[in-house]
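Undergrad: Questions regarding the structure given below will be posed in turn.
The values are calculated or read from the model by the stated rules, or taken from the named source; none is laboratory data. Only a predicted model underlies this, so the values are computations on that prediction, with no experimental measurement involved. Every residue, glycine as well, gets a Cβ built from its backbone with ideal geometry; the counts of neighbours run over all protein chains shown.
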């Protein structure tokens, strides 16, 4: 909204919609100011919602936008002639609606359907009061609305994850198993056997090494690309670069499935090249997409809102971020569930179909991103805060010493106010709030250090869980299909958390903070680890080959695999429990990584979160030599024991964070002015959440500390 102030100070102000079509029509007092004199505007007028609200909506074609703009220009002309905002609104409806109708684009009948509030509603929202300490403890909390564009970013993430996970889940069988005896020549085994699909026949140790190194790179390289996007390219441009690399990788991988290449071993070169290119593309995409999504969220602290029922509630930005990231994580796992199709494709048709399906799922991704480009809130790269973080850390270590790390007051030594009070001649390029942001960032990275054990227990160390599944009776079910129970459990359970458990806890004012949720996730993943361990122990105990059940030598005289009399569906239970644990771990982690990082380090801190997954893969890679028979039971049981211990340690160390009030790092320095609403706002990323006016130096995402 834009404030138009009458020249007579005794008169009130009116509000007009912030819309690109009005640029240049309102006389402004200064460049970049949102205050404008308008002596020819009737004091107290307020503009109702009109076609400008839908000229930016989803589904408008170029012609619709043009006609909507024509309608707005005419309406502004009426305002200038009649000196009445209500006359402008009348012209906007009488002229604007018919123009839109020419394109059969019926605008919504009410603001409740568009998600774009009427001006009167926005005025009420902008005047929300901040809750008192007592209200923070007693009032019910609700999430704010989510911008439409955020859902499209979630769909883009679905396309990327579907194409990535549709391939990555097949690595073990492709590299480990040889071309099946009596198969169709494309890698699929003969019908009616217990064999699994195969291609390169390099064995379990090399297959584990390839799988773990591929995934490790996908989660290690984001440190580099996250820094580049913060400092030089911006998040969206780096995402586009990653998508381009993705496309080339998928085409190469399909080419590697040619029957002649599979038969003579020539598939190795194009397959491994495409596989690691896919890893690089994911590294460019992954650390930037979740910060880009949260960039679309209104930047605000908790506010009071009075519902239509008269109930006073708190619009909680943490609840909004939580709901947004649950949708994000849900779409990730719907994408991951696409591995079901690729698993059946490898089993019954061959590798060419298994790899071409992810390519088809990838194709909408670049098209959607190009369409979204002008509809997103995009922060330009502002240089990374990393050098200043290093300087702050150096000062704290030199003034306090390494033994004061983690103690109260350790970070105060780098605050400019403390340096000035002590009369020290230490140059600073930051303010006190920046030092607090750095403290919160290091606290967040400490939390992330516990995540590798969750990931190991969630999926089994290395490919151990997959090897367990090869010892079980499949009866025609692809052995790697059961790992899809992980994303399936997330698909089922995410809405239960989103619209069931969490709202219920908020209604009864039960504080189930991010640390408590993550501790729950760590505990559940350890339980999953116990499930894998018990199942592998029984597979060894009941199988015809004892503790060598997953080895290539466990076959009959015809070369068909011998298995334990246990259905492979039992392994779905620990996979599902591990998936549910991810909802409690990863969703709060996205919000913590974003909210606690300095503005120009969000891509990097998001990458640090991903780095811990790389650490888990590195552990799996280092243990490749022992992730085999006869050690699989301890490979799975050892991490489960460690997981239970670290769960208790984690909660004891970080439980105090649940008592902190959620806010974005830049909010403290802009309490009076509100946080940034940068260029690029439009009807798709507007919400009914309280958003204060733009601070003068934040219009382009640059905070005062820079």
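Undergrad: Going by the conditions given, is residue 637 touching a helix residue (DSSP H, G or I) at 6+ places or on another chain (Cβ under 6 Å), surrounded by fewer than 21 Cβ atoms within 10 Å (Cβ to Cβ) and modelled with pLDDT of 70 or more?
TA: So residue 637 fits the description; yes.
Undergrad: If only one of 182, 166, 187 is closer than 30 Å to residue 354 by Cα, surrounded by fewer than 24 Cβ atoms within 10 Å (Cβ to Cβ) and at pLDDT 50 or above, which one is it?
TA: Exactly one residue qualifies, and that residue is 182.
Undergrad: Consider residue 175 carefully, then state whether it is modelled with pLDDT of 90 or more, outside any loop (DSSP other than H, G, I, E, B), more than 30 Å from residue 295 (Cβ to Cβ) and assigned by TED's automatic domain parsing to the domain that holds residue 314.
TA: Criteria met by residue 175.
Undergrad: Limited to the stretch 123-163, what total is found for residues that are in a helix (DSSP H, G or I), modelled with pLDDT of 85 or more and surrounded by 15 or more Cβ atoms within 10 Å (Cβ to Cβ)?
TA: 17
Undergrad: Now, a different point. Go through the stretch 608-646 and count every residue that is closer than 19 Å to residue 445 by Cβ and over 24 Å from the mean Cα position of the chain (by Cα).
TA: Count: 2.
Undergrad: Follow-up question, since we're still on this one. Assigned to a helix (DSSP H, G or I) and over 30 Å from residue 607 (Cα atoms): which single residue out of 190, 263, 197 fits that description?
TA: 263
Undergrad: Keeping to the stretch 394-439, report how many residues are under 34 Å from the mean Cα position of the chain (by Cα) and assigned to a loop (DSSP other than H, G, I, E, B).
TA: Final tally of qualifying residues: 11.
Undergrad: For the stretch 415-431, which positions are at pLDDT below 90 and within 18 Å of residue 596 (Cα to Cα)?
TA: 430, 431
Undergrad: Okay, next question. May I ask you to list the residues in the stretch 591-631 that are in contact (Cβ under 8 Å) with a residue 12 or more places away in the chain and in a loop (DSSP other than H, G, I, E, B)?
TA: Result: 596, 597, 598, 623, 627, 628, 629, 630.
Undergrad: Does the stretch 556-570 include one or more residues that are in a loop (DSSP other than H, G, I, E, B), surrounded by fewer than 22 Cβ atoms within 10 Å (Cβ to Cβ), at positive phi and under 28 Å from the mean Cα position of the chain (by Cα)?
TA: No, there is no match, as no residue in the stretch 556-570 is in a loop (DSSP other than H, G, I, E, B), surrounded by fewer than 22 Cβ atoms within 10 Å (Cβ to Cβ), at positive phi and under 28 Å from the mean Cα position of the chain (by Cα).
Undergrad: Out of (1) touching a strand residue (DSSP E or B) at 6+ places or on another chain (Cβ under 9 Å); (2) in a helix (DSSP H, G or I); (3) closer than 30 Å to residue 540 by Cβ, what's the single condition that is false for residue 506?
TA: (3)
Undergrad: Look at the stretch 216-250 and say how many of its residues are surrounded by 23 or more Cβ atoms within 10 Å (Cβ to Cβ) and farther than 24 Å from residue 364 by Cβ.
TA: Qualifying residue count for the region: 3.
Undergrad: Moving on. Counting only residues that are touching a residue at least 40 places away in the same chain (Cβ under 8 Å) and touching a strand residue (DSSP E or B) at 6+ places or on another chain (Cβ under 7 Å), which one in the stretch 534-553 is nearest to residue 178 (Cα to Cα)?
TA: Result: 549.
Undergrad: Let me ask something else. Looking only at the stretch 200-215, count every residue that is surrounded by fewer than 19 Cβ atoms within 10 Å (Cβ to Cβ) and closer than 17 Å to residue 249 by Cβ and tell me the total.
TA: So the count comes out to 0.
Undergrad: Whether any residue in the stretch 240-247 is touching a residue at least 24 places away in the same chain (Cβ under 8 Å) and not in a helix (DSSP H, G or I) is what I want to check.
TA: no
Undergrad: Any residue in the stretch 485-496 that is over 20 Å from the mean Cα position of the chain (by Cα) and either outside any helix (DSSP H, G or I) or in contact (Cβ under 8 Å) with a residue 60 or more places away in the chain (or both)?
TA: yes
Undergrad: Scanning for something assigned to a helix (DSSP H, G or I), in the same structural domain as residue 492 (by TED's automatic domain parsing), more than 27 Å from residue 287 (Cα to Cα) and in contact with a strand residue (DSSP E or B) (Cβ under 9 Å, 6 or more places away or on another chain), does the stretch 633-641 turn up at least one residue?
TA: Looking for residues that are assigned to a helix (DSSP H, G or I), in the same structural domain as residue 492 (by TED's automatic domain parsing), more than 27 Å from residue 287 (Cα to Cα) and in contact with a strand residue (DSSP E or B) (Cβ under 9 Å, 6 or more places away or on another chain), one finds none in the stretch 633-641, hence no.
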